[in-house]
Amino acid sequence: MTRARALGKLANKNRLTAYNKNNFVGIGSTQPDARLDVDGTVLVGTAITIGGASGIVSATTDTGEIVRVDTAIYDSNNNVGAANSILTISGGKLIWQNPQNANISTSFAPGSTYFVAENGSDANEGNRAERPWRTIGHALANISGIGENDVLNIGAGVYEETFPLTVPEGLTVKGAGLRATKVMPTTATQQKDGFLMNNRTVVEDLTIGGQYFDTAGNQGYAFKYAPGIAITQRSPYVQRVTVLNFGSNITADDPYGYSSADSPPSSYIAGGGAYIDGSEVTASSSKRPATLVSKRSNSSNAVEVRTSSLPTSVAPVPV
């Protein structure tokens with residue numbers, strides 16, 4: 001479309017011009033290239049009729065709409081897009097295509113990142129930072145269809161949870177930092193294990209505390225294998241985690257209460273760090289049972305390893 005470059009110098013640049021060389025009409029254009037050539041915004045009062053079909057383009061409104069199509073858009077091949085097709089540009093032409101034919105992926109796993117926050121609610125969806133869940137236990141129970149890199153982000157704060165917390169296979173539980181996110185048990189579950197780990201699970205960037213040890217039940221560890229775990233891809237991994245458990249009787253000579261008598265409910269000994277027992281791993285596991293640990297533990301039982309017919313290993317990485 002040819003425009004008169006000096007149009008702005010005219011007395012009335014919006015004037016109506018009949019161009020005698022082609023009998024075209026221009027508005028805002030002194031050399032129109034079409035039967036009606038408008039240089040500027042066109043306000044449609046009701047509708048535009050194209051090729052005898054009225055109502056193809058409806059009137060614009062003051063809500064920000066530019067053009068709204070009421071019936072159909074035809075591409076350069078005079079085709080109308082089928083269901084789920086998209087309008088693309090191919091060879092300089094507008095063409096309706098299936099997204100896969102245009103090399104456009106439409107697959108999306110909603111909620112691959114989940115959120116828990118102190119100001120959240122378990123009635124929320126949990127898959128947006130502005131709509132977080134409130135409790136870790138609720139989140140772990142409601143996350144399903146986990147892919148390769150799904151993450152549960154736990155915001156800064158102190159979370160009192162019903163232990164144990166079973167981490168679904170493949171999920172990473174990630175706090176906001178060692179000194180920002182603390183997870184502790186309810187009073188009723190303070191002698192239970194903390195996180196029960198599965199195949200491909202990760203727990204990182206948080207502190208666990210407030211646990212007491214149950215000698216008779218061998219419970220009260222921050223980390224354990226989940227019952228019936230099968231390690232078929234990657235071993236559980238714990239990194240950048242502090243386990244801070246105290247016995248109930250704290251003195252100047254025993255600031256962590258490790259010498260507390262094992263006599264509940266009057267006296268509790270401190271909870272443990274990680275308990276790794278190869279006998280808890282199913283024989284169907286195709287990978288060597290192991291837990292990679294990168295953590296700091298103020299606990300009487302920092303890392304305890306039990307072997308079985310399956311080789312078991314723990315790889316501690318000092319913090």
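Coordinate-derived values only; no laboratory data. Only a predicted model underlies this, so the values are computations on that prediction, with no experimental measurement involved. All Cβ positions, even for glycine, are placed from backbone atoms using ideal geometry, and neighbour counts span all protein chains on display.
Put simply, the amide H of GLN211, placed in the peptide plane, has neighbours under 5 Å in PHE246, GLY271, leaving out anything fewer than 5 places away on its chain.
Let me know the shape class of segment 157-220, please: from the alpha-carbon gyration tensor, a ≥ b ≥ c as square roots of the eigenvalues, rounded when a/c is under 1.5, otherwise prolate if a/b is greater than b/c, or oblate. It is oblate, given that a/c is not under 1.5 and a/b is not larger than b/c. Among TRP133, TRP96, sorting on how many other beta-carbon atoms sit within 10 Å of each Cβ, with the fewest leading, yields TRP96, TRP133. Could you tally the net charge around ALA18, taking each other residue with its Cβ under 13 Å from the Cβ of ALA18, Lys/Arg +1 and Asp/Glu -1? Summing Lys and Arg as +1 and Asp and Glu as -1 gives +2. Annotation: the residues PHE223, PHE213, sorted from fewest to most other C-beta atoms within 10 Å of their own C-beta, follow the order PHE213, PHE223. The residues neighbouring SER248, those whose beta-carbon lies less than 14 Å from its own, together hold a net charge of -3 under the Lys/Arg +1, Asp/Glu -1 convention. This ranking places ARG134, ARG234 by how few other beta-carbon atoms lie within 10 Å of each, fewest first, which gives ARG234, ARG134.
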